[in-house]
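The values are calculated or read from the model by the stated rules, or taken from the named source; none is laboratory data. Note that the structure is a prediction, hence the values are computed from the model and not measured. Glycine gets a Cβ as well: all are built from the backbone with ideal geometry, and neighbour counts include every protein chain shown.
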Amino acid sequence: MGAEAICAVTYKGKKSTAKVRLETNVLQVRAADLKLDVPFNAMKKVASRNGSLLIDDGGGPLTLALGQSAAKWVEKILHPPSRLTKIGVRPEWRAAILGAIDNDFVEELKSAIASLSVGRTVKGADAIFVALAHPSDFQRVAAAKSAIKVDGAVWLIRPKGSAAVTEGAVMAAGKSAGLVDVKVVAFSTTHSALKFVIPVKDRSR
(Lines give C-alpha, C1' and ligand atoms only; values in the text may rest on other atoms or scores of the structure.)
Protein backbone atom coordinates (compact mmCIF):
# COMPACT_ATOMS: atom_id res chain seq x y z
CA MET A 1 0.00 0.00 0.00
CA GLY A 2 2.87 2.30 0.84
CA ALA A 3 1.14 5.45 2.25
CA GLU A 4 3.57 7.12 4.63
CA ALA A 5 3.78 10.28 6.73
CA ILE A 6 5.52 11.90 9.68
CA CYS A 7 2.96 13.41 12.02
CA ALA A 8 1.87 14.09 15.58
CA VAL A 9 0.59 10.94 17.25
CA THR A 10 -1.38 10.53 20.47
CA TYR A 11 -1.59 7.07 22.01
CA LYS A 12 -3.27 6.45 25.34
CA GLY A 13 -3.06 10.17 26.03
CA LYS A 14 0.70 10.42 25.36
CA LYS A 15 1.83 12.64 22.49
CA SER A 16 4.85 12.15 20.22
CA THR A 17 6.03 12.69 16.65
CA ALA A 18 6.17 9.48 14.65
CA LYS A 19 6.69 8.00 11.23
CA VAL A 20 3.50 6.20 10.26
CA ARG A 21 3.00 3.83 7.34
CA LEU A 22 0.18 1.77 5.87
CA GLU A 23 1.33 -1.66 4.75
CA THR A 24 -0.82 -4.33 3.09
CA ASN A 25 -2.90 -5.07 6.20
CA VAL A 26 -1.22 -3.29 9.08
CA LEU A 27 -0.62 0.27 10.32
CA GLN A 28 2.93 0.85 11.55
CA VAL A 29 3.82 3.63 13.99
CA ARG A 30 7.47 4.33 14.77
CA ALA A 31 8.67 6.98 17.24
CA ALA A 32 11.56 7.26 19.67
CA ASP A 33 9.32 6.12 22.51
CA LEU A 34 6.61 4.25 20.63
CA LYS A 35 6.48 1.23 18.31
CA LEU A 36 3.10 -0.07 17.19
CA ASP A 37 1.90 -2.52 14.56
CA VAL A 38 -1.88 -2.43 14.39
CA PRO A 39 -3.46 -5.00 12.01
CA PHE A 40 -6.47 -3.70 10.11
CA ASN A 41 -8.58 -6.64 11.28
CA ALA A 42 -7.88 -5.73 14.91
CA MET A 43 -9.24 -2.20 14.54
CA LYS A 44 -12.61 -1.82 16.28
CA LYS A 45 -13.03 1.80 15.22
CA VAL A 46 -11.61 3.74 12.27
CA ALA A 47 -12.73 7.29 11.55
CA SER A 48 -11.48 10.72 10.49
CA ARG A 49 -12.35 13.94 12.30
CA ASN A 50 -10.97 17.44 11.84
CA GLY A 51 -7.88 16.21 10.01
CA SER A 52 -7.13 13.38 12.42
CA LEU A 53 -7.28 9.63 11.92
CA LEU A 54 -8.92 8.00 14.95
CA ILE A 55 -8.28 4.32 15.65
CA ASP A 56 -9.22 2.04 18.52
CA ASP A 57 -7.98 -1.55 18.56
CA GLY A 58 -9.09 -2.30 22.08
CA GLY A 59 -5.67 -1.47 23.50
CA GLY A 60 -6.28 2.23 23.71
CA PRO A 61 -7.19 5.19 21.46
CA LEU A 62 -4.71 6.16 18.75
CA THR A 63 -4.88 9.52 16.97
CA LEU A 64 -2.78 10.51 13.95
CA ALA A 65 -2.77 14.18 12.87
CA LEU A 66 -2.70 13.57 9.11
CA GLY A 67 -4.53 16.67 7.93
CA GLN A 68 -6.27 16.31 4.56
CA SER A 69 -4.91 12.76 4.19
CA ALA A 70 -6.89 11.42 7.16
CA ALA A 71 -10.01 10.57 5.16
CA LYS A 72 -7.93 8.86 2.45
CA TRP A 73 -6.20 6.70 5.05
CA VAL A 74 -9.58 5.67 6.45
CA GLU A 75 -10.62 4.54 2.97
CA LYS A 76 -7.37 2.60 2.49
CA ILE A 77 -7.82 0.84 5.83
CA LEU A 78 -11.49 -0.01 5.32
CA HIS A 79 -11.14 -0.95 1.65
CA PRO A 80 -7.52 -2.03 1.02
CA PRO A 81 -6.63 -2.97 -2.58
CA SER A 82 -5.91 -6.63 -3.09
CA ARG A 83 -2.37 -7.82 -3.70
CA LEU A 84 -3.25 -8.74 -7.27
CA THR A 85 -4.74 -5.30 -7.88
CA LYS A 86 -1.56 -3.59 -6.71
CA ILE A 87 0.50 -5.77 -9.01
CA GLY A 88 -1.81 -5.05 -11.94
CA VAL A 89 -2.67 -8.66 -12.79
CA ARG A 90 -4.71 -9.20 -15.96
CA PRO A 91 -6.77 -12.32 -16.81
CA GLU A 92 -4.95 -12.90 -20.11
CA TRP A 93 -1.52 -13.10 -18.45
CA ARG A 94 0.93 -15.95 -18.88
CA ALA A 95 3.22 -15.88 -15.85
CA ALA A 96 5.81 -17.88 -13.94
CA ILE A 97 7.08 -18.19 -10.37
CA LEU A 98 10.70 -18.99 -9.52
CA GLY A 99 11.60 -19.90 -5.96
CA ALA A 100 9.51 -20.33 -2.83
CA ILE A 101 6.63 -17.84 -2.68
CA ASP A 102 3.76 -18.31 -0.24
CA ASN A 103 1.12 -20.79 -1.37
CA ASP A 104 -1.73 -18.32 -0.90
CA PHE A 105 -0.24 -16.08 -3.59
CA VAL A 106 0.34 -19.02 -5.92
CA GLU A 107 -3.32 -20.00 -5.65
CA GLU A 108 -4.53 -16.39 -5.98
CA LEU A 109 -2.48 -15.86 -9.12
CA LYS A 110 -3.33 -19.23 -10.64
CA SER A 111 -7.06 -18.53 -10.38
CA ALA A 112 -6.75 -15.02 -11.83
CA ILE A 113 -4.69 -15.51 -15.01
CA ALA A 114 -4.64 -17.65 -18.15
CA SER A 115 -1.64 -19.79 -17.22
CA LEU A 116 0.98 -20.07 -14.49
CA SER A 117 4.23 -22.04 -14.50
CA VAL A 118 5.78 -22.79 -11.11
CA GLY A 119 9.48 -23.57 -10.96
CA ARG A 120 10.45 -22.71 -14.52
CA THR A 121 10.25 -19.73 -16.85
CA VAL A 122 7.82 -19.31 -19.73
CA LYS A 123 9.07 -17.70 -22.93
CA GLY A 124 7.16 -14.52 -23.67
CA ALA A 125 5.72 -14.28 -20.17
CA ASP A 126 3.79 -11.19 -19.13
CA ALA A 127 5.27 -11.43 -15.65
CA ILE A 128 7.75 -13.56 -13.76
CA PHE A 129 7.86 -13.53 -9.96
CA VAL A 130 11.23 -14.34 -8.42
CA ALA A 131 11.68 -15.14 -4.73
CA LEU A 132 14.93 -13.79 -3.29
CA ALA A 133 15.77 -15.38 0.03
CA HIS A 134 19.57 -15.54 -0.35
CA PRO A 135 22.15 -13.65 -2.46
CA SER A 136 22.58 -16.80 -4.58
CA ASP A 137 19.00 -16.32 -5.78
CA PHE A 138 20.04 -13.22 -7.74
CA GLN A 139 21.19 -15.50 -10.55
CA ARG A 140 17.52 -16.12 -11.35
CA VAL A 141 17.00 -12.48 -12.33
CA ALA A 142 18.82 -12.69 -15.67
CA ALA A 143 16.91 -15.86 -16.60
CA ALA A 144 13.62 -14.15 -15.78
CA LYS A 145 14.56 -11.09 -17.84
CA SER A 146 15.39 -13.22 -20.88
CA ALA A 147 11.99 -14.93 -20.69
CA ILE A 148 9.58 -11.99 -20.39
CA LYS A 149 7.95 -10.34 -23.37
CA VAL A 150 9.41 -6.97 -24.35
CA ASP A 151 6.85 -5.06 -22.26
CA GLY A 152 6.61 -7.69 -19.53
CA ALA A 153 7.77 -7.40 -15.93
CA VAL A 154 10.02 -9.17 -13.47
CA TRP A 155 8.80 -8.94 -9.89
CA LEU A 156 11.51 -9.53 -7.28
CA ILE A 157 10.13 -10.60 -3.89
CA ARG A 158 12.41 -9.97 -0.89
CA PRO A 159 12.01 -10.36 2.89
CA LYS A 160 11.59 -7.05 4.69
CA GLY A 161 14.47 -6.21 6.98
CA SER A 162 16.77 -8.82 5.44
CA ALA A 163 20.46 -8.05 5.92
CA ALA A 164 21.39 -10.61 3.25
CA VAL A 165 18.94 -9.44 0.58
CA THR A 166 18.70 -5.68 1.00
CA GLU A 167 16.63 -3.41 -1.20
CA GLY A 168 19.86 -1.89 -2.52
CA ALA A 169 21.20 -5.32 -3.45
CA VAL A 170 17.95 -6.15 -5.25
CA MET A 171 18.10 -2.87 -7.19
CA ALA A 172 21.68 -3.67 -8.20
CA ALA A 173 20.75 -7.19 -9.30
CA GLY A 174 17.96 -5.86 -11.48
CA LYS A 175 20.22 -3.23 -13.05
CA SER A 176 22.93 -5.82 -13.65
CA ALA A 177 20.40 -7.92 -15.57
CA GLY A 178 19.54 -4.98 -17.82
CA LEU A 179 16.33 -3.99 -16.07
CA VAL A 180 15.05 -0.79 -14.49
CA ASP A 181 12.92 -0.59 -11.34
CA VAL A 182 9.56 1.16 -11.67
CA LYS A 183 7.48 0.23 -8.63
CA VAL A 184 7.61 -1.13 -5.09
CA VAL A 185 4.59 -2.62 -3.32
CA ALA A 186 3.99 -4.28 0.02
CA PHE A 187 3.63 -7.91 -1.02
CA SER A 188 2.76 -9.08 2.50
CA THR A 189 3.50 -8.21 6.12
CA THR A 190 6.88 -9.92 5.73
CA HIS A 191 7.87 -9.28 2.10
CA SER A 192 8.18 -6.46 -0.41
CA ALA A 193 7.80 -6.75 -4.18
CA LEU A 194 9.89 -4.68 -6.59
CA LYS A 195 8.81 -4.40 -10.21
CA PHE A 196 11.46 -4.31 -12.94
CA VAL A 197 11.00 -3.85 -16.70
CA ILE A 198 13.19 -3.68 -19.78
CA PRO A 199 14.16 -0.02 -20.41
CA VAL A 200 12.14 1.52 -23.25
CA LYS A 201 15.35 2.36 -25.15
CA ASP A 202 16.25 -1.33 -25.24
CA ARG A 203 12.91 -2.76 -26.31
CA SER A 204 13.46 -2.51 -30.04
CA ARG A 205 16.76 -4.38 -29.92
Inspect all residues belonging to the range 143-152 and state whether any of them is on the phi > 0 side of the Ramachandran plot and either assigned by TED's automatic domain parsing to the domain that holds L98 or in a helix (DSSP H, G or I) (or both). no
How many of the residues making up the range 134-153 are buried (at least 19 other Cβ atoms within 10 Å of the Cβ) and farther than 22 Å from G168 by Cβ? 3
Conditions: (1) buried (at least 21 other Cβ atoms within 10 Å of the Cβ); (2) under 27 Å from F40 (Cα atoms); (3) aliphatic (A, V, I, L, M). V106 meets all but one. Number of the miss? (1)
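Go through S117, S111 for me and flag whichever is of a type in the set (S, T, N, Q), over 30 Å from K45 (Cβ atoms), touching a strand residue (DSSP E or B) at 6+ places or on another chain (Cβ under 6 Å) and not assigned by TED's automatic domain parsing to the domain that holds T24.
Residue meeting the stated conditions: S117.
If the requirement is being under 18 Å from the mean Cα position of the chain (by Cα) and either of a type in the set (A, V, I, L, M) or more than 20 Å from P81 (Cα to Cα) (or both), which of these qualifies: I128, I113? Let's see the steps before the verdict.
Numbers: I113 fails: under 18 Å from the mean Cα position of the chain (by Cα).
One residue alone meets the criteria, I128.
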Please pick out the residue among A100, A95 that is of a type in the set (G, A, S), over 30 Å from K15 (Cα atoms) and at pLDDT 95 or above. A95
Those residues that are more than 21 Å from G88 (Cβ to Cβ) and either of a type in the set (A, V, I, L, M, F, W, C) or in contact with a strand residue (DSSP E or B) (Cβ under 8 Å, 6 or more places away or on another chain) (or both), I need them from the range 121-159; list them, please. A133, D137, F138, R140, A142, A143, P159
Residue satisfying condition, being among the small types (G, A, S), touching a Phe, Trp or Tyr at 6+ places or on another chain (Cβ under 8 Å) and either outside the structural domain of A186 (by TED's automatic domain parsing) or touching a residue at least 24 places away in the same chain (Cβ under 8 Å) (or both), within set S16, S48, S69: S48
In this structure, does K35 turn out to be surrounded by fewer than 18 Cβ atoms within 10 Å (Cβ to Cβ) and not assigned by TED's automatic domain parsing to the domain that holds A144? yes
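Looking at T10, T17, T24, which one is touching a Pro at 6+ places or on another chain (Cβ under 9 Å) and modelled with pLDDT of 90 or more?
Working: T17 fails: touching a Pro at 6+ places or on another chain (Cβ under 9 Å); T24 fails: modelled with pLDDT of 90 or more.
None of the others qualify; the one that does is T10.
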